[in-house]
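One structure is given below, encoded as C-alpha cells.
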Amino acid sequence: MLQLINSVKSSLVTKLFKLVYLYCFLHFVKKSIHMSELSDFLLKRRSVVVRNMAEPGPSNEDLENIMRAGMRVPDHGRLTPWRFLVIRGDARIKMGKILGEAFKKENPDCINEQVEIEEERFIRAPAIIAVISRTNPEHKIPEWEQILSSGAACQNMLTAALGMGYAAQWITEWYAYNEDVKAALGLKSGDRISGFLYFGTLKEAPSDRTRPVYEDIVSEWNEPASL
C-alpha cells in the first residue's frame, strides 16, 4: 500500500511539474508575441495630422489612462516637472476666441479669414491636452533634464493614444509661445508649453513620410575624437 501511495505521489508531482513548465512556456511565448507586436508598433508608429481627426475622442477612462501613461516617464529626482491641462467640449471654442485675439494682437494687418482659421484650431479635434513644463531652476537636478522629462511625457501620451487606436498628434505652433495664451491657460512664471496633444478618431489612414537613413544617424564610439 505504501509503495502504491508513493507511486501516486510521484506521478502527481511529475504531472504538476509538467503543468508548471507548460504554463511558464506558454507565458513566455505569449510575452514574446506581445513584445514582437510592441516592437512592430513602435517601428511603424505614425502620428495622424489633426485635419484627419473626427469625433469621438477618447472616453474619460481612456483619457485618464493616456495621462497616467504620461506620468510614467523618467523623472530624475522625482520632481514631476510637468502638468497636464485637458481642453475639450465648449472650452475648445472659448480657447479658440483667445487664439483669435492673440493672433490679431501679433498680426495687426491680418484679415478676418486668417483670424477664423486660428479660432478653429482647437475644434479640429475632440480632445486636447496642453502639456506644461514646470521646472525648478534652483534644484540640483539640471533644468535641462526636467525639460526633457516633459517631452518624454508628451511622447508617452502620444504613443499610448495611438496604441489604443486613436488618432493623435503632438503640436506646438505659434500659440505655444504666446504670452496671452499662456496667461489664459493659467501658466505660472517660468512655465513653458511643451506641446498640445490632439486626440480623435482616425478618418483615413496616414501615409508614412521619409525617415532618416539609419547610417546617417547612428555611430559607435571607440576612442576620443581628434582635437
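May I ask you to verify whether residue 59 is at negative phi, surrounded by 10 or more Cβ atoms within 10 Å (Cβ to Cβ) and modelled with pLDDT under 90? Against the criterion (at negative phi, surrounded by 10 or more Cβ atoms within 10 Å (Cβ to Cβ) and modelled with pLDDT under 90), residue 59 does not qualify. Looking only at the stretch 74-81, decide whether some residue is at pLDDT 95 or above, surrounded by 12 or more Cβ atoms within 10 Å (Cβ to Cβ), of a type in the set (S, T, N, Q) and not in a helix (DSSP H, G or I). Yes. Taken over the stretch 164-184, residues that are surrounded by 16 or more Cβ atoms within 10 Å (Cβ to Cβ) and part of a helix (DSSP H, G or I) amount to 5. Of all residue pairs spaced 6 or more apart or on separate chains, those with beta-carbon atoms under 9 Å, a first member in the stretch 63-77 that is without any contact (Cβ under 8 Å) to a residue 40 or more places away in the chain and a second member that is surrounded by 14 or more Cβ atoms within 10 Å (Cβ to Cβ) are 64/58; 68/160. The condition of being surrounded by 15 or more Cβ atoms within 10 Å (Cβ to Cβ) and assigned to a strand (DSSP E or B) holds for only one of 98, 87, that being 87.
The values are calculated or read from the model by the stated rules, or taken from the named source; none is laboratory data. Nothing here was measured: the structure is a model prediction, and the numbers come from that model. Cβ: placed from backbone, ideal geometry, glycine included. Neighbour counts: every protein chain shown.
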